[in-house]
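Laboratory data are not the source of any read-out in this text; all were calculated from the coordinates shown. Given the structure is predicted, the values throughout are model-derived calculations rather than measurements. Reconstructed Cβ throughout: ideal geometry from the backbone, glycine too, with neighbour counts over all protein chains shown.
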Amino acid sequence: MRSSSKQTVLQVLPMSLVVLRFGLAPVLLGDAIDGQTGLWFIAAFAIAFLSDIFDGIIARRLQVSTAALRQADSWADVCLYLCVCASAIFVHSDAIAAFRLPLMAVVVAQLIWWGVNLWKYGRPASYHTYSAKLWGLTLFIATLALFGCHYAGITLWLAAIVGLAHTLEEVCMTLLLPVWTHDVLSLFHALRLRQHYLSQS
């Protein structure tokens, strides 16, 4: 009985981490809305970032990595980084203004990504690619540098460049894949999956 309860708790842990990230996002924004942030902001963001890493790992280990969970994971990421971006505007408006061109390029690319996925599948993709993980890492470093060290230079440029490359890869993947599929790790994996789908039709 005790073993069964423990297993049930472990199975809901990935979604609990996703919910945690949803909850922390507006808290970060609330902390920044007065134009100042401190160690609490950095700590809360680090916890949110770690939750993003471990929810997928735990879900795969427990074999509960469903499409619904992965989509919720993606939405939590969107919510988190929208709040981080808004926080940066409140606290570091000068840095955001200085980097407006690369940042706007990423925003436009992401809007194209959303449009392509809604046009083809009627919903956003949820690929969780290697490039998405790399972009998440560069965003984490850029956020820590900005809010922890008040630095906006190479780290923001790197996040913007990786974000553009990642978005281009996922747009190509959507154009290739005939049906909505979650957890496709790269363009190479999408090509192999496309061949599989075509061979089955």
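Summary of computed values
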| quantity | calculated |
| --- | --- |
| Ordering of 93-101, 174-182 by packing [mean C-beta count within 10 Å, highest first] | 174-182, 93-101 |
| For the chain, size of Cβ-based charge dipole, Lys and Arg +1, Asp and Glu -1, in debye | 700 |
| (i) 54, 49, 25; (ii) 56, 34, 27; (iii) 49, 41, 33, with the label sought being that of the calculated Cα extents along the principal axes in Å | (i) |
| Average Cα contact separation per residue, the stretch 63-169, under 8 Å, 6 or more apart, as relative contact order % | 32 |
| Computed E for Phe188/Ser16 - FRET, C-beta separation, R0 30 angstrom, nearest 0.05 | 0.35 |
| Structure-based [θ]222 nm, the chain - -39500 (n - 2.57) summed over DSSP H runs of at least 4, per residue, nearest 500 | -28500 deg cm²/dmol |
